[in-house]
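Beneath this line is the structure, given in structure tokens, with notes to follow.
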């Protein structure tokens with residue numbers, strides 16, 4: 001049988017953990033689990049001052065596959081990291097679950113995660129925002145907005161609209177993903193740890209799947225999340241790690257290079273407009289290609305091979321030429337239908353809504369395609 005290690009970080013969760021742990025082990029009777037899977041649970045307690053530790057120790061008498069790991073209080077990310085290391089070393093699981101200990105995640109949904117794993121998924125997200133998923137009806141309006149907005153920012157910040165719940169803390173992940181990620185995720189703490197782990201999995205070819213979950217409001221205790229701090233951490237992480245954000249910055253740099261060279265060649269050196277435009281455009285294209293290769297898409301960059309560079313640069317030029325043609329047609333169409341006065345607005349809208357998604361998609365699928 002394959003082993004499952006369920007990691008439960010706790011801090012003052014005595015009442016919740018007393019209910020949750022028996023619920024988890026009860027799932028061993030489920031036919032989906034009993035035939036193929038063996039469950040072990042690791043409670044990672046961060047110096048709780050209530051009876052959490054005592055409660056877990058008492059439960060170990062009934063459940064030998066329950067483990068207690070005591071750590072310092074250093075945030076959610078550090079607690080999970082310690083739990084991952086312990087599970088990999090002591091339990092050697094095939095799948096590792098992340099799960100909240102406050103009863104917001106339901107043990108009865110564990111089999112649905114495992115069905116996705118059995119179908120080939122490497123990383124299964126318990127999603128609140130797909131068909132069949134939900135958040136509590138009694139959540140205050142600002143909590144709903146915060147949750148939805150946070151996910152939208154991450155989804156489009158990484159330009160991964162197919163993933164609907166980046167911030168979910170209920171996950172099933174194959175152990176190989178966790179093992180490979182340890183060196184990377186150790187740099188993150190708090191709740192942004194969850195985003196960093198999923199980002200790493202995506203960049204390392206893990207097959208991602210989602211299963212709907214019915215997220216519950218906690219019954220006892222207080223939420224540990226600091227909304228303002230969490231929001232800043234998310235934005236900062238996206239800015240530093242999103243290939244899409246880097247791609248946008250590279251595009252801005254390319255525009256500046258294009259405009260500057262054209263301006264000087266035409267205004268100061270009196271070169272023909274067509275020649276100046278050709279030189280400035282190609283210089284910007286080469287700059288964009290190199291910056292994208294060594295920065296935006298550095299995790300799947302083209303290796304040091306002149307032939308590979310040349311072929312990719314030619315493809316890059318073709319895609320860039322396509323964006324110029326598309327932009328020209330759309331702007332001319334706007335002028336024809338709505339008039340010339342708003343040409344600048346058409347240009348801005350076409351770049352944002354058409355050119356950027358078109359270029360980013362094709363660069364990923366045609367030029368930097370190894371990890372897609």
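The values are calculated or read from the model by the stated rules, or taken from the named source; none is laboratory data. Bear in mind the structure is a predicted one, so any value in this text is a computation, not a measurement. Reconstructed Cβ throughout: ideal geometry from the backbone, glycine too, with neighbour counts over all protein chains shown.
Annotations for the structure displayed:
- The residues of region 194-239 that are modelled with pLDDT of 80 or more, closer than 26 Å to residue 11 by Cα and not in a helix (DSSP H, G or I), listed by number, are 213, 214, 215, 216, 217.
- Positions within region 120-147 being touching a residue at least 12 places away in the same chain (Cβ under 8 Å), surrounded by fewer than 18 Cβ atoms within 10 Å (Cβ to Cβ) and in a loop (DSSP other than H, G, I, E, B), in sequence order: 120, 130, 131, 132, 136, 138, 139
- Residues in region 89-98 that are surrounded by fewer than 24 Cβ atoms within 10 Å (Cβ to Cβ) and within 11 Å of residue 42 (Cα to Cα): 90, 91.
- Across region 123-162, the qualifying residues are those that are more than 14 Å from the chain's Cα centre (by Cα) and over 19 Å from residue 230 (Cβ atoms), and the one among them that is modelled with the lowest pLDDT is 138.
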